[in-house]
Amino acid sequence: MGQVAPDMKAVIFFIITALCWIFAIVFGVRGFKTIVDNVNSNLVVMEAPGTATFTVKEAGKVSLWHNYQDIFEGKTIANDLALPGGFSFEIRPAGSTSVVIPLAPSVGNTTMNNGSTHKVGVGTFELPAPGDYTLKASAPAGETRVVSLSEGTFMENFGGVFGMIGGAVVLGLIGTLTLILAIVFLFLKPKSKPPTSPAHAA
């Protein structure tokens, strides 16, 4: 089987480069869309103190956020990042008076920003089953804050996004490497064969 000519190798590497970059763009766009969706998807946005009912389709963790800067019901909210002492939060299955799901406080400050919304993680709840739940927020006298609830945790969402964006970066690097190889083979001239001398008679 004959060797592949350099110009044919160049074409093959150009095709591989195009495929890598196309898939890199697809993964990158999906990763960016996931970030936007995670930031914008809220089960609840409410003012504390107060209550709100929401529905989840599967068991798992939900995250509570303090929207310290936001626009809520036409009003511009601008508060300190930290919640004052005296706020408390709990979730109950809708209609239940005996089952209480407590808040597991966040470790460190996890912040997310999107346009006018700036929020910091308060903690998470572990919901045991799909269904309807009620979030109850209590506050000290004279204090109000806007809070929101989203599905999953920051680390879970970050892991999925990092995988897609990481894949896009790897494919982009592979595409760059194959592009360099394609250019090398494009300008590589095939070696000319030395002329054959006639065989000498014995």
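Remark: the L103-F23 segment gains 24.7 nm on full extension, using 0.36 nm per residue and subtracting the alpha carbon distance. Rounded to the nearest Hz, the phi-derived 3J(HN,Hα) couplings of segment 178-183 under the Karplus curve 6.51 cos²θ - 1.76 cosθ + 1.60 (θ = phi - 60°) are 5, 5, 4, 4, 4, 5, where x marks glycine and proline. What is the calculated FRET efficiency for A129 to I183, with r their C-beta to C-beta distance and R₀ = 35 Å, to the nearest 0.05? The pair A129/I183 has a calculated efficiency of 0.05.
Amide H contacts of I77: D70, I71, F72, each under 5 Å away and 5 or more positions distant or on a separate chain (H built 1.01 Å from N in the peptide plane; Pro and chain starts excluded). Dipole magnitude for segment 5-148: about 260 debye, using +1 per Lys or Arg Cβ and -1 per Asp or Glu Cβ, origin at the Cα centre.
The alpha carbon gyration tensor of segment 71-141 gives principal lengths a ≥ b ≥ c with a/c of 1.5 or higher and a/b greater than b/c, which makes the shape prolate.
For segment 121-133, backbone phi angles converted through the Karplus equation (6.51, -1.76, 1.60; θ = phi - 60°) give residue-by-residue couplings of x, 9, x, 10, 10, 9, 8, x, 7, x, x, 9, 9 Hz, Gly and Pro being listed as x. The phi torsions of segment 111-119, fed into the Karplus equation with coefficients 6.51, -1.76 and 1.60 and a -60° offset, translate into couplings of 10, 9, 10, 8, x, 7, 9, 10, 9 Hz, rounded to whole numbers, with Gly and Pro shown as x. Modelled label positions at R30 and A59, each set 7 Å beyond Cα in the direction of Cβ, lie 2.8 nm from each other.
Every number in this text was worked out from the coordinates using simple rules, so none of it is lab data. Note that this is a predicted model, so its numbers are computed, not measured. For neighbour counting, all protein chains shown are included, and Cβ atoms are generated from backbone atoms with ideal geometry for every residue, glycine included.
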